[in-house]
Structure formats: C-alpha cells, structure tokens
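**Q** First, the structure itself, so that you have it in front of you.
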Amino acid sequence: MVIRDRQVDRECITGAIIIICIFVLILSVVSMRLLDVKVTNIELVDRGLYTVITDKGPINISQDDILRIERTYPKVAITGTSVEQDRIYTTKGFIYITGLDPFYATGRKMINSVDFEGKPVWIKPDKIEATESVESRNQQNNTNLTIIQPFSYAIGTPPKLISLVFSVLSLQNLAIAFGGMALVVLIFPLRLATTMPAQPFMQEDQEYSSSEEVKEVVAK
C-alpha cells in the first residue's frame, strides 16, 4: 500500500510539472507572436545600401552589416513548387524572407550582393582563406554562430524589448527541458523497485531444490 501511495504521488508531481510546462510553452509562443516584428518591404537606396521597412520603422542595412545567410529549398504542400526561404543575420537583427513575399526580389539582390556563389550557408569572410582545411572552416562556422547569437531577434525590434525576447526564449527552453524530463519519468517508471523482491524468492527456490536433491540422494 505504501508503494502504491508513492507511485500516485510521483504521478501527480510529474503530471503537475508537465501541465505547468505546457502552460509556459503556450504563454511563450503567444508572447513571441506579440513581440514579433514583421518586414513589410525592402528598398534599394544606393549601391550596397538597403532600407528594411518594418512595423516599428525603417532600418538601414549595408553590406558590412550582413554576418550570415542561410538558404533552404522546402516544398510547399499545396502547390508542390519549390520556394526559397532565406534568413539573413545582420548586426541589427535577422531578416526572414520567402519566395512568396512581394519584396523577395529586392531581398535576393541584397543576398547576391555579398554571396556571389549562392551557398546554402554564407559566412562573412573576415578571416577565411582559400588554403584553410575543412576542420578550420567548421570551427569558423561554429564561431560565427556564437557571434550572431546576440543578434537572433527580428530586425526592427525596439532595444528595450530585446532583453525580453531573449528572456522569453530562455523560459521556453527551460519549459521544454523540464517538461521532457518529467514526461520521461512518467512514461518510464522505476521498475527496479518491483523486480528487487523477486530475488529472495529465487534464492528460496534454489535452496528448496537443493534440499530436495539431498533428500533424494539420502533416500537412494
């Protein structure tokens, strides 16, 4: 009966943790939707200078501000056509554009102005040399990810809200981590506690069988 009470307590605790984590995840998703800044247009001002118009106002971007470019080519479920999706990391936040956006052509010009080869992942060539090995290039890639992490917010986000965005993202990651651990504990209970008492019975069976064998030998 005591073991059953412990199992019920553990299930209640893990269930409560999962419910709290789900609530925090929903709250964080809604918060990110409210804090998101949308790009409405991209205009070419001068050679190498672009203006990104957002809900919070225009932002000027030059070629020197671009740190990293990521390209993907997913399939659209409805039409089945290939639509390019690009994410441009800059010193003023990242820009997310797709082939369905009306300003995609101008955004493509911005990308091609620095990425002439059309690489899936373009990194600002500050210290990259042609003689570098693959391992050094991977290290440069990881270093670049560390550099752009402080700018992983939508371009045009007010400075006073940037810390709030990262706080919401950190809270979301914590909720996923704690919720995942609680779910693992709930799905995979501690079965070792139920299998341990079986060992004395096995020993008693062995002792009983050995005593029976001794009696049979003596009887013979």
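The values are calculated or read from the model by the stated rules, or taken from the named source; none is laboratory data. Predicted model only: the values in this text are computed from it and were never measured. Note: ideal-geometry Cβ built from the backbone for every residue, glycine included; neighbour counts use all protein chains shown.
**Q** Step by step: first the residues of the stretch 110-125, then only those that are charged (D, E, K, R) and farther than 19 Å from residue 153 by Cα, then the one that is modelled with the highest pLDDT. Which residue is that?
**A** If we take residues in the stretch 110-125 being charged (D, E, K, R) and farther than 19 Å from residue 153 by Cα, then 115 is modelled with the highest pLDDT.
**Q** Name the residues in the stretch 91-123 that are touching a Lys or Arg at 6+ places or on another chain (Cβ under 9 Å) and in a strand (DSSP E or B), would you?
**A** Passing the criteria: 94, 95, 96, 97, 121, 122, 123.
**Q** I've got another one for you. So which residues in the stretch 92-109 are modelled with pLDDT of 90 or more and surrounded by fewer than 15 Cβ atoms within 10 Å (Cβ to Cβ), if there are any at all?
**A** Passing the criteria: 102, 105, 109.
**Q** Of all residues in the stretch 127-160, count the ones that are among the hydrophobic types (A, V, I, L, M, F, W, C) and either touching a helix residue (DSSP H, G or I) at 6+ places or on another chain (Cβ under 6 Å) or at pLDDT below 65 (or both).
**A** 3
**Q** Then there's this: For the stretch 167-176, which positions are out of contact with any Cys (no Cβ under 9 Å at 6 or more places or on another chain) and loosely packed, with under 14 Cβ neighbours inside 10 Å?
**A** 167, 170, 173
**Q** Looking at the stretch 39-58, can you tell me whether even one residue there is at pLDDT 90 or above, over 28 Å from the mean Cα position of the chain (by Cα) and within 12 Å of residue 157 (Cα to Cα)?
**A** Yes, the stretch 39-58 contains a residue that is at pLDDT 90 or above, over 28 Å from the mean Cα position of the chain (by Cα) and within 12 Å of residue 157 (Cα to Cα).
**Q** Here is a further query. Name, by its number, the condition in (1) in contact (Cβ under 8 Å) with a residue 12 or more places away in the chain; (2) surrounded by fewer than 18 Cβ atoms within 10 Å (Cβ to Cβ) that does not hold for residue 89.
**A** (2)
**Q** Taking residue 1 and the conditions (1) closer than 26 Å to residue 178 by Cβ; (2) modelled with pLDDT under 85, which numbered condition does it fall short on, given that it satisfies the others?
**A** Residue 1 satisfies every listed condition except (1).
**Q** Mind checking whether some residue in the stretch 27-37 is polar (S, T, N, Q), surrounded by 14 or more Cβ atoms within 10 Å (Cβ to Cβ) and within 28 Å of the chain's Cα centre (by Cα)?
**A** Scanning the stretch 27-37, I find at least one residue that is polar (S, T, N, Q), surrounded by 14 or more Cβ atoms within 10 Å (Cβ to Cβ) and within 28 Å of the chain's Cα centre (by Cα), so the answer is yes.
**Q** Can you tell me which residues in the stretch 38-72 are surrounded by 13 or more Cβ atoms within 10 Å (Cβ to Cβ) and assigned to a loop (DSSP other than H, G, I, E, B)?
**A** Correct list: 48, 56.
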